[in-house]
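The values are calculated or read from the model by the stated rules, or taken from the named source; none is laboratory data. Quick caveat: nothing in here was measured; it's all calculated off a predicted structure. Quick reminder, even Gly has a Cβ in these numbers, built from the backbone with ideal geometry, and neighbours come from all protein chains shown. SASA here: full protein model, heavy atoms, side chains in, ligands and nucleic acids out. Shrake-Rupley method; radii C 1.70, N 1.55, O 1.52, S 1.80 Å.
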Amino acid sequence: MSLNSQIEWTDATWNPVRGCVKVSPGCKHCYAETFAERFRGVKGHPYEQGFDLRLVPDKLFDPLLWRSPKLVFVNSMSDLFQDGVPDNYVEIVARVMTTAEWHTYQVLTKRGERLRQLLCGELRLAAAQENIWWGVSVEDRRYGLPRIAHLQAAPARVRFLSIEPLLEDLGEIDLSGISWVIVGGESGPGARPMRREWVVSIRNQCKAARVPFFFKQWGGVRKVRNGRVLDGRTYDEYPTRHIVQVPDKATCTSFAESLRKTLSDPLCQRGVVQLTA
Ligand code: SF4
């Protein structure tokens with residue numbers, strides 16, 4: 001877990017899965033891939049295998065041991081709902097989030113269909129939790145907008161949209177049941193441009209629908225210089241956080257130990273999840 005994330009809309013990142021497979025135009029300049037591939041072949045580095053998909057069971061129970069409440073971006077270096085992650089591994093991640101409920105989790109995916117299927121089934125309990133925010137990425141009309149419909153069809157208590165990188169005008173968006181919208185432009189070499197009117201349209205729709213709006217950045221090749229001011233101000237709105245008292249250290253440790261025992265042994269025996277890093 002990284003406690004001081006550089007990502008503007010979170011405090012920390014937690015990656016029980018590493019690596020991913022690209023699925024749509026929003027993945028073209030995936031920052032996670034660029035970062036991970038830098039370390040391919042570096043012995044002992046967490047990204048020794050580059051951006052290849054890999055379960056990281058050693059990291060599964062970290063949030064239980066982290067006692068200061070955080071806003072946690074789950075799988076900032078991956079996508080929890082990609083095909084290669086077994087259902088029961090996703091369930092374990094959800095069990096940790098429901099147990100370590102003093103944190104608020106942001107689970108973001110480009111696999112809206114599988115998110116909907118699992119939240120309607122095995123993850124129904126986690127879907128109803130106030131401390132887990134479920135979100136989809138929306139970069140364009142063709143790939144992004146259908147993900148919103150999947151999210152709306154899922155029984156999630158808190159739903160959000162990460163509209164980043166915004167690649168075109170999205171037109172009128174159905175914001176029913178959505179609790180938060182983040183917008184941002186692409187950054188780095190080769191960044192695709194984002195027009196002001198596309199952003200203003202989304203901001204105005206959020207305002208009309210009373211949905212909290214977070215403007216992350218204009219992006220571009222000079223991300224820092226371009227900043228994140230829109231019409232003379234910044235937008236840093238969030239949904240309401242659910243506050244839960246943190247148990248004492250011994251209780252947290254015992255949560256982690258009992259979850260590790262009850263979850264890992266039977267799964268290893270069945271060979272469904274290989275609990276090896
Ligand atoms: S889904 Fe996300 S993590 Fe996976 S390749 Fe696309 S941008 Fe990268």
Testing Ile182 on (1) open to solvent by less than 50 Å² (accessible area, probe 1.4 Å); (2) without any contact (Cβ under 8 Å) to a residue 40 or more places away in the chain, one condition comes back false. Which one is that? (2)
Filter segment 58-83 for residues that are within 16 Å of the ligand (Cβ to nearest atom) and among the acidic types (Asp, Glu); which is nearest to Val244 (Cα to Cα)? Asp79
Checked pairs for segment 4-31, first under 19 Å from Gly184 (Cα atoms), second open to solvent by 60 Å² or more (accessible area, probe 1.4 Å) and within 15 Å of the ligand (Cβ to nearest atom), C-beta under 6 Å and 6 or more apart or across chains, list as Ser24/Tyr143
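Would you list the helices (runs of 4 or more DSSP H) that sit entirely within segment 189-277 and hold 3 or more residues that are modelled with pLDDT under 95, among the hydroxyl-bearing types (Ser, Thr, Tyr) and open to solvent by less than 80 Å² (accessible area, probe 1.4 Å)?
Values: elements: 196-209, 223-226, 249-270.
So the answer is 249-270.
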Does segment 170-190 contain any residue that is over 24 Å from Asn15 (Cβ atoms), small (Gly, Ala, Ser) and within 16 Å of the ligand (Cβ to nearest atom)? yes
Segment 38-79, residues that are part of a loop (DSSP other than H, G, I, E, B) and aromatic (Phe, Trp, Tyr): Phe39, Tyr47, Phe51, Phe61, Trp66
Condition check for Tyr47: away from the ligand (no atom under 16 Å from the Cβ), of a type in the set (Phe, Trp, Tyr) and under 28 Å from Gly112 (Cβ atoms): no
Is it the case that Arg114 is surrounded by 18 or more Cβ atoms within 10 Å (Cβ to Cβ), more than 26 Å from Pro193 (Cα to Cα) and within 15 Å of the ligand (Cβ to nearest atom)? yes
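Between Ala32, Ala126, which is within 16 Å of the chain's Cα centre (by Cα) and within 16 Å of the ligand (Cβ to nearest atom)? Break it down into steps so the answer makes sense when it comes.
Values: Ala126 fails: within 16 Å of the ligand (Cβ to nearest atom).
Checking each option against the conditions leaves just Ala32.
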